[in-house]
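Let me begin by presenting the structure, written as structure tokens, before commenting on it.
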Amino acid sequence: MKILVINCGSSSLKYQLIDSESEKALASGLCERIGIDGRFTYKPDGGEKSVTDIDIPNHEVGVKLVLDAVANPKDGVVASLDEIGAIGHRVVHGGEKFASSVKIDDKVMAAIEECNDLAPLHNPANLIGIRACQAIMPGVPNVAVFDTAFHQTMPKEAYMYGLPIEYYDKYKIRRYGFHGTSHSFVSKRVCEFLGLDRKKSKVIVCHLGNGSSISAVLNGESIDTSMGLTPLEGVIMGTRSGSIDPAIIEFIAHKENKSIDDIMKVLNKDSGVYGLSGGVSSDFRDLGKASDEGNKLAADAVSIFSYSVVRYIGAYAAAMNGVDAIAFTAGLGENDQKVRKQIISRLGYLGITLDEEKNKIRSEEVVISTDDSKVKVCIIPTNEELAIARETVEVLA
Ligand code: AMP
């Protein structure tokens, strides 16, 4: 079966068409600037990437462009749209309502909508994408795959904040965690790769990208993760602050005469390694280059980031009473050997030693700890689209 995987933002729509038998992406691309002007990117597997400036007034038009492209006689990848058996949608927040992926019907749509408050930037956009697919491909089943679902196995100790219980009762304020599709995919894959029994394993996944989160996966289930009610909590990120003393918000508000909205923008957009480096960049490639050229703020930003990851690894090794494997994934985790080295060099207490040569490898499955290392450290490339396609097939089976 061919699965169309859709990841909708408020003005964007990323897509991949995946063959569920070969697990290959047949085509991929992106609709950008939806409702503004519009740009459409399409790349068939093994073919040329094309970028077209074309009016995309809404997501339905975006979905139509995707379907026209994949079935185009010139460089399309399917002979007929009937070959598309299902659509898998990334949905950011499933609250406490969804602990696994589900086939979408009216009730599911209403339940996703009820989670809008928890992810006001993401869930409404995800719903728009689902509605667009329902309108254009009636009869083709849609499946929702939630970023939060994998972390629904967390125990209360891990997901409750030390706040008055009424806020949980009234608003369901608690830790949810994100990047669940990636944490699930990578924690499973690292066990297969190392020949570990997943049901008896202690794995820490470091999903390090523009947004970063760490998870503790015990016997195949997430028992703790660094992101919280929103993706702002946890380790320092590209432009997000990660965890801070909440009293800092009041302090800045008074000193700088800022509103809550202003400060939330600072914490989401102006902080992280971007803010720490004095605005050099949120991209670790730029920070690495600036550090090499002697920019002390850029070098410090990267070290402070790495240390924030080290803290979570220590906490999660404690939470699981040990760790068998640590997996690095996502843009930064898969590619940046310097960051990995900074983190791993502080894990000697776990009996971990880094194999410096293996650590130079990028974006492929590899063990980067030495043979005698007590805990195996690996790079495991994530593939969220494939994970969504697999879930879609499983839900519909
Ligand atoms: P992601 O959010 O997973 O797409 O990761 C994006 C981040 O990964 C970028 O902001 C970069 O900081 C980082 N990244 C991607 N490629 C490299 C690379 N070759 N070397 C270092 N960092 C990289």
Discussion item. Between a residue in region 320-331 that is of a type in the set (D, E, K, R) and any residue that is not in a loop (DSSP other than H, G, I, E, B), which pairs come within a Cβ distance under 9 Å, given they are 6 or more apart or on different chains?
Written reply: 324/191; 324/194; 324/200; 324/202; 324/203; 324/376
Discussion item. Just to verify a result, which residue in region 376-391, among those that are in a helix (DSSP H, G or I) and within 13 Å of the ligand (Cβ to nearest atom), is farthest from residue 193 (Cα to Cα)?
Written reply: 385
Discussion item. Looking at the structure I just gave you, is residue 330 near the ligand (Cβ under 8 Å from one of its atoms), of a type in the set (Gly, Ala, Ser) and under 28 Å from residue 197 (Cβ atoms)?
Written reply: yes
Worksheet item: Is at least one residue of region 82-92 more than 21 Å from residue 21 (Cβ to Cβ), free of Cβ contacts under 8 Å to residues at least 60 places away in the same chain and within 19 Å of the chain's Cα centre (by Cα)?
Response: yes
Response to the item:
With the first residue restricted to region 332-361 and required to be hydrophobic (A, V, I, L, M, F, W, C) and at pLDDT below 95, and the second required to be within 16 Å of the ligand (Cβ to nearest atom) and in a helix (DSSP H, G or I), Cβ contacts under 9 Å at 6 or more apart or on different chains are 361/337
Discussion item. If residue 289 meets every condition in (1) assigned to a helix (DSSP H, G or I); (2) touching a residue at least 12 places away in the same chain (Cβ under 8 Å); (3) within 16 Å of the ligand (Cβ to nearest atom) apart from one, which number is that one?
Written reply: (2)
Fill in: Any hit, region 31-43, residues being in contact (Cβ under 8 Å) with a residue 60 or more places away in the chain, under 26 Å from the mean Cα position of the chain (by Cα) and over 30 Å from residue 154 (Cα atoms)
no
Worksheet item: Out of region 162-208, which residues are within 16 Å of the ligand (Cβ to nearest atom) and in a loop (DSSP other than H, G, I, E, B)?
Response: 178, 179
Practice prompt. Answer with yes or no whether residue 280 is touching a residue at least 12 places away in the same chain (Cβ under 8 Å), outside any helix (DSSP H, G or I), over 21 Å from the mean Cα position of the chain (by Cα) and farther than 21 Å from residue 378 by Cα.
Written response: yes
Worksheet item: Scanning region 7-18 for residues that are of a type outside the set (Gly, Ala, Ser) and either assigned to a loop (DSSP other than H, G, I, E, B) or more than 14 Å from residue 85 (Cα to Cα) (or both), which turns out modelled with the highest pLDDT?
Response: 15
Fill in: Residue within region 254-274 that is within 16 Å of the ligand (Cβ to nearest atom), part of a helix (DSSP H, G or I) and over 25 Å from the mean Cα position of the chain (by Cα) present
no
Worksheet item: What is the number of the single condition among (1) surrounded by 24 or more Cβ atoms within 10 Å (Cβ to Cβ); (2) over 18 Å from residue 218 (Cβ atoms); (3) at pLDDT 95 or above that residue 187 does not meet?
Response: (2)
Worksheet item: Do the conditions hold for residue 373, that is, is it hydroxyl-bearing (Ser, Thr, Tyr), out of contact with any Phe, Trp or Tyr (no Cβ under 8 Å at 6 or more places or on another chain) and not in a loop (DSSP other than H, G, I, E, B)?
Response: no
Worksheet item: How about region 19-59: which of its residues are acidic (Asp, Glu) and either under 23 Å from residue 85 (Cα atoms) or in a strand (DSSP E or B) (or both)?
Response: 19, 21, 23, 32, 45, 53
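Okay, residues lined up against (1) β-branched (Val, Ile, Thr); (2) assigned to a strand (DSSP E or B); (3) touching a strand residue (DSSP E or B) at 6+ places or on another chain (Cβ under 6 Å):
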| residue | (1), (2), (3) |
| --- | --- |
| 326 | yes, yes, yes |
| 334 | no, no, yes |
| 338 | no, no, no |
| 343 | yes, no, no |
| 349 | no, no, no |
| 356 | no, no, no |
| 363 | no, no, no |
Worksheet item: For region 339-366, how many residues meet the condition of being within 14 Å of the ligand (Cβ to nearest atom), among the hydrophobic types (A, V, I, L, M, F, W, C) and closer than 18 Å to residue 193 by Cα?
Response: 1
Fill in: Within region 209-246, considering residues that are of a type in the set (D, E, K, R) and in a loop (DSSP other than H, G, I, E, B), the one farthest from the ligand (Cβ to nearest atom)
245
Worksheet entry | Answer residue from region 294-315, given it is out of contact with any Leu (no Cβ under 9 Å at 6 or more places or on another chain) and more than 16 Å from the ligand (Cβ to nearest atom) and is nearest to residue 234 (Cα to Cα) among those | 312
Discussion item. Tell me the residue from 277, 241, 213, 271 that is crowded, with 17+ Cβ neighbours inside 10 Å and over 23 Å from residue 122 (Cα atoms), please.
Written reply: 277
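The values are calculated or read from the model by the stated rules, or taken from the named source; none is laboratory data. Just so it is clear, the model here is predicted, and its values are computed rather than measured. Using ideal geometry, Cβ is built from the backbone for each residue, glycine included, and neighbour counts are taken over all protein chains shown.
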